[in-house]
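Where a number appears in this text, it was derived from the coordinates with a stated rule and is not lab data. Everything numeric in this text was worked out from a predicted model, so none of it was measured. So basically every Cβ, Gly included, is an ideal-geometry build from the backbone, and we count neighbours across all protein chains shown.
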Amino acid sequence: MKLTTEQLRSALIKAAEQIEQHKDELTDLDREIGDGDHGINMSRGFQAVQKTLEEHGEYEDLGALSKEVGMTLIKTVGGASGPLYGTAFVKFAGAFKGKTEVEGAELADAFHEATEGIKSRGKSEFGQKTMVDIWTPFQEALSQEGDLKAAIDQALADTKARIATKGRASYFGEATEGVQDPGSLSSALLLGEIAEVLHG
Ligand code: ADP
Ligand code: MG
Ligand code: MG
């Protein structure tokens with residue numbers, strides 16, 4: 001599995017479209033176990049990313065693209081999720097610096113760093129019903145060259161069944177059991193588009 005600059009750019013534009021299509025669903029989930037703004041936050045952020053990518057056109061390398069996406073997300077998403085998604089792309093920017101394509105262990109390591117960045121920024125761990133529940137199995141599947149889409153689907157089902165112990169949703173306690181975590185769904189939409197370009 002290989003990721004090129006143009007593939008990542010195209011996956012991000014498709015992810016922005018996915019997020020737009022799921023905007024209300026993301027907000028409704030966040031209304032149930034949060035403060036009802038996740039769709040709005042993500043739509044604002046990814047609309048800005050899409051606009052930036054379309055205006056910029058081709059990027060020099062994966063690092064420059066990731067850096068611009070990270071900065072845009074940090075500036076525009078807001079909430080708890082903005083700095084977390086922003087951190088993931090800032091970590092990609094470091095791992096992808098000067099590279100126009102990455103594959104194998106190098107690609108898996110970049111997703112490992114991004115996931116660790118989210119965990120460190122959020123002081124969170126796998127299994128707390130946050131976006132980390134999607135990023136972790138995705139990154140593991142990538143390092144094993146496994147089926148990324150199957151890993152995302154399984155992770156979504158697993159996190160849905162959990163009780164939130166981190167973030168705003170944790171205040172809702174047992175009421176979160178059986179409700180999808182909005183940040184897990186938005187991460188699944190984003191990583192799903194990356195899986196799409198990687199599986200080819
Ligand atoms: P806010 O909770 O500030 O309104 P959003 O609604 O945009 O922010 O994002 C909420 C999502 O962010 C959650 O569904 C969860 O997946 C993720 N999240 C929240 N706190 C954390 C954390 N500490 N670590 C990892 N992910 C988190
Ligand atoms: Mg919210
Ligand atoms: Mg909020």
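Odds and ends about this structure:
- Just one of the listed residues (LYS2, LYS91) is free of Cβ contacts under 8 Å to residues at least 40 places away in the same chain and away from ligand 2 (no atom under 16 Å from the Cβ), namely LYS91.
- Here GLY98 meets each of (1) buried (at least 19 other Cβ atoms within 10 Å of the Cβ); (2) assigned to a loop (DSSP other than H, G, I, E, B); (3) not hydroxyl-bearing (Ser, Thr, Tyr) with one exception, condition (1).
- Hits in segment 48-65 (condition: within 9 Å of THR5 (Cα to Cα) and either charged (D, E, K, R) or in contact with a Leu (Cβ under 9 Å, 6 or more places away or on another chain) (or both)): GLU58, TYR59, GLU60, ASP61, LEU62, LEU65
- Residue within segment 82-89 that is assigned to a loop (DSSP other than H, G, I, E, B) and among the polar types (S, T, N, Q) present: no
- Scan of segment 170-196 for residues that are of a type outside the set (D, E, K, R), within 30 Å of LEU3 (Cβ to Cβ) and outside any helix (DSSP H, G or I), ordered by number: GLN180
- Residue count for segment 105-128 under the criterion of being closer than 17 Å to ALA155 by Cα and among the hydroxyl-bearing types (Ser, Thr, Tyr): the result is 2.
- Top-ranked residue of segment 140-169 - restricted to ones that are outside any helix (DSSP H, G or I) and of a type in the set (Lys, Arg), ranked as farthest from GLY36 (Cα to Cα): ARG162
- Whichever residue in segment 152-177 is out of contact with any helix residue (DSSP H, G or I) (no Cβ under 6 Å at 6 or more places or on another chain), small (Gly, Ala, Ser) and within 20 Å of THR136 (Cα to Cα) and, among such residues, is surrounded by the most Cβ atoms within 10 Å (Cβ to Cβ): GLY167
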